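Heads up: the structure comes next, in structure tokens.
Throughout, read-outs are computed from the coordinates displayed, never taken from laboratory work. Predicted model, so just to flag it, every value in this text is computed and none were measured. For neighbour counting, all protein chains shown are included, and Cβ atoms are generated from backbone atoms with ideal geometry for every residue, glycine included.
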Amino acid sequence: MGSACRVGGVGRAALAPTSATLGFPTPHYAPSLPEPDIFESTHPESPIPAPKVPRADFYLIQKPRFREQPLLLVCELARKAYEANLWALILARDASQAEEIDELLWAFDEDAYIPHQIAGTDEEDALTPVLIAGPETDIALRPLVINLRDAPVDGSFERVLEVVPADDSARGPLRERWKQYQARGLALNKYDM
């Protein structure tokens, strides 16, 4: 079944009055959009995207520079998120790690500027693209979460990034976390970094 209705051999779009047929000029900023289909949410050519399945990406530290300083990978992920205009929340393991990430985001690349702050330090949390939160901070999740804590992220998000240390003993609990996310129906990906 097509999306155009035909009446007497003429398509529905041909019968609909437009600004040009009414004698008004078509504004230059008015996009030419297809007529909406009543089944927009399920139609394969719909301009409305289907809901995304939440995703968990596991980043396994392999490269020497990340092995020496694992939080550099967190900074790289935060930079990529900021450059993609994705507001991120970094869930630090503790207050000390939150401060270390805060300092490292200022210093890790002299050419990079990533607006960030530790959550709860002032009234600007809602205006800051990258927030860093220790476990004592009660803050709403953002669509992108970088998780450094020992537990999986609970709540609503589009994507969680799990940083997996090079230490084999630390990888065991993260294998269990993979299974937990899988049981919750998240799409899973693994990247060697």
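Distant-in-sequence amide contacts of Ile146, defined by a placed amide H-H separation under 5 Å and a gap of 5 or more residues or a different chain, comprise Leu89, Ile90, Leu91, Leu161.
If you take the alpha carbon atoms of the stretch 98-143 and fit the smallest convex hull around them, that volume is 85 Å³ per residue. Put simply, the stretch 125-179 fits an ellipsoid with semi-axes of 23, 12, 10 Å; these come from the alpha carbon gyration tensor as the roots of five times its eigenvalues, largest first. Label sites at Ala187 and Glu158, each approximated as a point 7 angstrom past Cα along Cα to Cβ, lie 1.2 nm apart.
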